[in-house]
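Below is one structure, written out as structure tokens; the observations come after it.
The values are calculated or read from the model by the stated rules, or taken from the named source; none is laboratory data. The shown structure was predicted, so the numbers you read here are calculated from the model rather than taken from an experiment. Don't worry about glycine lacking a Cβ; one is built from the backbone with ideal geometry, like all the others, and counts go over all protein chains shown.
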Amino acid sequence: MSRKQRTAEHPIRNPSPPQLVTMSPPQGLMLAWLSALLTVRWLMPTEGASEGLTLWLVQLVLFTAAARAAWEWRFGERRFRFDAMDGAIGLLVLAQVISALAVVFGVGNARAAINVAWEWIGSGVLIWMLRQELKSPHAVRQLCLGLSLTAGVLAGFGLWQHYVGYNEMIGEYDRLVTEHDRLVERLRGDGSSPESVSAADMRKLESLQAEMARQQIPIEQSARQSLESRLKASREPLGLFALANSFAGLLIVMGLIVVGLLRGPRTSRWGWAFLAVLLAFCALLTKSRTAWVGLSVGISWWTLRLITARWRRADNPTGRTSWLRIGTWILVIAFLVGFAALSGGLDQAVLSEAPKSLRYRLEFWQATWATIREHLWIGTGPGNFRDYYLAHKLPESSEEIADPHNLVFDVWANAGLLGLIGLLACVGLMVEQVFKRPHQKANNTAEVESLPHSKSWTSPAACGVGLAFPLGAIGMELFGHGYDERLW
């Protein structure tokens, strides 16, 4: 057979570029709305769940799920998919619900258990719906882009807290306490009875006490010592979290995602690099040693895989460039550490007090383990851990904690053995996806990098992330304790 005949029978076809997965208007609107519901969780204080301050979000999620199910049933455009990860998440949520029902029909704080159980249900349904919508690597990248920018806003807020906010808070605290104590001492020094005290002085005293109560400042001087020492000695940024460690956990996870976004187009790499530095610096100021270890492990693992993959190639023109990038990032991190130390954000106590912090954690976990053994199968119930923990708290323990400060113990203590199985299943499936199908992952990465990025800022996921800010403001004004205007 001649070459011309072979060419005619088997024509050579040029590989077509990857096609962009488009969305119909209803699908795009759904992804935008779900992205807003996910992001708004980051913009509200987390300790209000047991009080029911965020149940309005759960109602929005469940209403969205019902509306989507009705739409699918009416028009029948596509079928829902359900895989092993959905089953693991469902098992984790089911364990929380069972534990909450045990509290409702048994002993404990039923209101807190019901509120937190509904939060788990809402979170599980939201994650399931997002997994239905995020069907392409491009959609996942769009959502990561929006969430990364939100993390940047929170990191900027954390820097403001560290360098400006705490100083303003201390000044306001000193003003209120000084005026209150001076007025009280003057009234006592004059020996004035309530009848002889002027109405203006009494109104001023009542106003000061009301403002101190609003800011949770104790009236008695003896009760203020702990608050005052903690306020003036601690400058760790908290963001909108109750603990600096929780805020640092969010920052390092999003920091790793931002590092992944650096592999995008060259025009946006400087912006992502600046955002990565911002997140890393704010995480550094939190003084969360656990977060630093997690970030180091994540970056080391990522760097090792990247270098290994590139050095295995037959032609390796980027090996020297990879080492240059690694050296550059090491210099950037060293500069951030030095600047944080010079500006007072870091000191020797960060390392010298590490053994003490670890000892505190071991005390927490020892008492938590005693609580788990007492409620091994069903758990204490969502929002009820603290009440049972106090019965096993060690006498030398420093705090009366509300959660175990440990993910595994937290789930096991609150939801029992079934919750632990659900958590381990989720983690196992995620780890499996990391090491499974490397060739398919490489193809997905190449597909994402080849897609156009000019419309990323107007994508449904990015628009939904922007919608989260006014949504959170309206919701907290109507149903919560008010929105933190400093985020604007």
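So the check is Cβ under 6 Å with 6+ separation or different chains; which pairs have a first residue in the range 95-116 that's part of a helix (DSSP H, G or I) and a second one that's crowded, with 19+ Cβ neighbours inside 10 Å and aromatic (F, W, Y)?
Note: pairs meeting the criteria are Q96/W120.
For L134, state whether it is closer than 30 Å to L238 by Cα and within 22 Å of the chain's Cα centre (by Cα).
No; evaluated as a whole, the condition is false for this residue.
Give me the residue from the range 387-409 that is part of a helix (DSSP H, G or I) and surrounded by fewer than 17 Cβ atoms within 10 Å (Cβ to Cβ) and, out of that set, farthest from the chain's Cα centre (by Cα). I'd like the intermediate steps shown before the answer.
Initial filter on the range 387-409 (part of a helix (DSSP H, G or I)): 387-389, 407-409.
Filter once more, so that each one left must be surrounded by fewer than 17 Cβ atoms within 10 Å (Cβ to Cβ): 387, 407-408.
On the way: D387: 25, L407: 13, V408: 17 Å.
The selected residue is D387.
Taking the condition of being in contact with a helix residue (DSSP H, G or I) (Cβ under 7 Å, 6 or more places away or on another chain) and within 19 Å of L407 (Cβ to Cβ), how many residues in the range 379-394 meet it?
Adding up the residues that qualify gives 9.
Going by what's in this entry, would V253 be described as out of contact with any Pro (no Cβ under 9 Å at 6 or more places or on another chain), crowded, with 16+ Cβ neighbours inside 10 Å and at pLDDT below 85? Before you say what the answer is, go through the steps one by one.
Numbers: out of contact with any Pro (no Cβ under 9 Å at 6 or more places or on another chain): yes; crowded, with 16+ Cβ neighbours inside 10 Å: yes; at pLDDT below 85: no.
No.
Would you say T7 is of a type outside the set (K, R), surrounded by 10 or more Cβ atoms within 10 Å (Cβ to Cβ) and either at pLDDT 70 or above or under 30 Å from A402 (Cβ atoms) (or both)? Quick ask: steps written out before the conclusion?
Values: of a type outside the set (K, R): yes; surrounded by 10 or more Cβ atoms within 10 Å (Cβ to Cβ): yes; either at pLDDT 70 or above or under 30 Å from A402 (Cβ atoms) (or both): no.
For T7, the condition - of a type outside the set (K, R), surrounded by 10 or more Cβ atoms within 10 Å (Cβ to Cβ) and either at pLDDT 70 or above or under 30 Å from A402 (Cβ atoms) (or both) - is not met.
Checking the conditions here, which among R310, R305 is over 30 Å from S234 (Cβ atoms), part of a helix (DSSP H, G or I) and at pLDDT below 65?
R310
Those residues that are free of Cβ contacts under 8 Å to residues at least 40 places away in the same chain and either polar (S, T, N, Q) or part of a helix (DSSP H, G or I) (or both), I need them from the range 66-86; list them, please.
Within the range 66-86, A66, A67, A69, A70, E72, W73, R74, F75 qualify.
Check whether at least one residue in the range 66-83 is buried (at least 18 other Cβ atoms within 10 Å of the Cβ) and aliphatic (A, V, I, L, M), and report yes or no. Steps first, please.
Initially, the range 66-83 is screened for residues buried (at least 18 other Cβ atoms within 10 Å of the Cβ), giving 68.
Next, only the ones that are aliphatic (A, V, I, L, M) stay: none.
Within the range 66-83, none of the residues are buried (at least 18 other Cβ atoms within 10 Å of the Cβ) and aliphatic (A, V, I, L, M).
If you check L126, L154, which single one turns out to be within 17 Å of Q27 (Cα to Cα) and either at pLDDT 90 or above or in contact with a strand residue (DSSP E or B) (Cβ under 6 Å, 6 or more places away or on another chain) (or both)? Spell out how you get there, then give the answer.
Details: L154 fails: within 17 Å of Q27 (Cα to Cα).
Going through L126, L154 in turn, just one is within 17 Å of Q27 (Cα to Cα) and either at pLDDT 90 or above or in contact with a strand residue (DSSP E or B) (Cβ under 6 Å, 6 or more places away or on another chain) (or both): L126.
Could you say whether any residue in the range 24-47 is touching a Ser or Thr at 6+ places or on another chain (Cβ under 8 Å), within 26 Å of G379 (Cβ to Cβ), buried (at least 18 other Cβ atoms within 10 Å of the Cβ) and at pLDDT below 85?
So far as the range 24-47 goes, yes, one or more of its residues are touching a Ser or Thr at 6+ places or on another chain (Cβ under 8 Å), within 26 Å of G379 (Cβ to Cβ), buried (at least 18 other Cβ atoms within 10 Å of the Cβ) and at pLDDT below 85.
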